[in-house]
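One structure below.
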Amino acid sequence: MHDDDAQHGPLAGFTVGVTAARRAEELGTLLTRRGAAVLHAPALRIVPLADDSELLAATKELIDHAPDVVIATTAIGFRGWVEAADGWGIGDRLLELLQGVELLARGPKVKGAIRAAGLTEAWSPQSESMAEVLDRLLGEGVSGRRVALQLHGEPLPGFVESLRAAGAEVVGVPVYRWMPPEDIAPLDRMLDVTVARGLDALTFTSAPAAASYLNRAEARGILPEVLDALSHDVVSACVGPVTALPLQAKGIDTVQPERFRLGPLVQVLCAQLPARARTLPVAGHQVEIRGHVVLVDGALRPVPPAGMALLHTLARRPGWVVARADLLRALPGSGSDEHAVETAMARLRTALGAPRLIQTVVKRGYRLALDPSADTKYDGS
């Protein structure tokens, strides 16, 4: 952990995008508490299916032909199912059915929802892992057994296929449906900010959200630019391996916590983002370049976007002179007037509070005044 982390929070200066529809506020709070700036744009919305004929038909069919096993995968989904059945006047019959089957809960939260409905689960894994549920079922033997699976929009790769291959009849109970967000504008803004490298990281808490984010980029014709940003500059942080699948299918590396939880997801970013920031010895100072702030000797210096763009360009080859024309190209919305570089540079020097960090090289451009003893590897691109 950096010394300044206790002072500013490990994510100070970094901007993190949140694509979640559910629990977005909770995730946003965890991030801002650690110093991050948060941009939120739900990549989808979750529509309960209380008015949906699919769930009604599946529920009636199970009541008429009782399954041997019912797997409850999420607390919100299980509660939603029981509430929908109540609304249709068949709640008692559903509970009666669930009392007479082997009821498996994917983890502690689902177990809580089952108990709240006055039922008792036959078994629940410690880990919240569907793999453990699958191992148990295959261990018991499922040949000729009818297994009902409460779905929650999340794809469960290999789960249904493995059960069917072992001879089970699998019935899906679809409690929720994923839909595009009602207002697409925030998602479009998030995609534009990703392409402009205005984000340091992007968080995904469900596979459908990751897929929806990429699909929207494709629909707008900017998928290559978005993938380029995610490949080089913007960290994709996923809550677990299933969530990461749509991104990995496009060749994007992701980071994930050991435990599929929001807290550990934030911890991964607290470790990853400061580690990716560059710290350079410049003009007798320690300069750490983060997303939209600079730490000079541990003091936080907010820098305007134009200044950050210049600084990132200078830091790519620390100590080397960068021509005004190259710096002009790096400025957001750059025109053709090199005077814009001088204006932005003056503001940058003021923001840094240490004007000698950046040297003017007459008739050539500017350079970071890298300490001569510094053996700094630079990216020669």
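Values for this structure:
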quantity: Subset tally (residues that are buried (at least 21 other Cβ atoms within 10 Å of the Cβ), of a type in the set (A, V, I, L, M) and not in a loop (DSSP other than H, G, I, E, B)) for segment 152-186; calculated: 2
quantity: Which listed residue, of Val287, Val341, is closer than 21 Å to His8 by Cα and surrounded by 20 or more Cβ atoms within 10 Å (Cβ to Cβ); calculated: Val287
quantity: Leu62 being open to solvent by 20 Å² or more (accessible area, probe 1.4 Å) and either touching an Asp or Glu at 6+ places or on another chain (Cβ under 9 Å) or outside any loop (DSSP other than H, G, I, E, B) (or both); calculated: no
quantity: Those residues of segment 190-215 which are under 28 Å from Arg290 (Cβ atoms) and in a helix (DSSP H, G or I), in sequence order; calculated: Met190, Leu191, Asp192, Val193, Thr194, Val195, Ala209, Ala210, Tyr213, Leu214
quantity: Residue list for segment 339-372, filter: in a helix (DSSP H, G or I) and of a type in the set (Gly, Ala, Ser); calculated: Ala340, Ala344, Ala346, Ala351
quantity: Matching option when the condition is touching a residue at least 40 places away in the same chain (Cβ under 8 Å) and either within 24 Å of Gly144 (Cα to Cα) or in contact with a Pro (Cβ under 9 Å, 6 or more places away or on another chain) (or both), among Glu128, Glu102, Glu83, Glu96; calculated: Glu128
quantity: From the options Ala244, Ala271, residue that is open to solvent by 30 Å² or more (accessible area, probe 1.4 Å) and either of a type in the set (S, T, N, Q) or part of a helix (DSSP H, G or I) (or both); calculated: Ala271
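One line per residue, one yes/no per condition, for (1) touching a helix residue (DSSP H, G or I) at 6+ places or on another chain (Cβ under 7 Å); (2) open to solvent by less than 10 Å² (accessible area, probe 1.4 Å):
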site: Asp68; (1), (2): no, no
site: Gly80; (1), (2): no, no
site: Trp88; (1), (2): yes, no
site: Arg93; (1), (2): yes, no
site: Leu97; (1), (2): yes, no
site: Leu104; (1), (2): yes, yes
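The values are calculated or read from the model by the stated rules, or taken from the named source; none is laboratory data. A quick note: this is a predicted structure, and the numbers were derived from the prediction, not measured. Cβ atoms come from the backbone with ideal geometry, glycine included; neighbour counts cover every protein chain shown. To get the accessible areas, we keep the full protein, side chains included, count just its heavy atoms, and leave off ligands, DNA and RNA. Shrake-Rupley method; radii C 1.70, N 1.55, O 1.52, S 1.80 Å.
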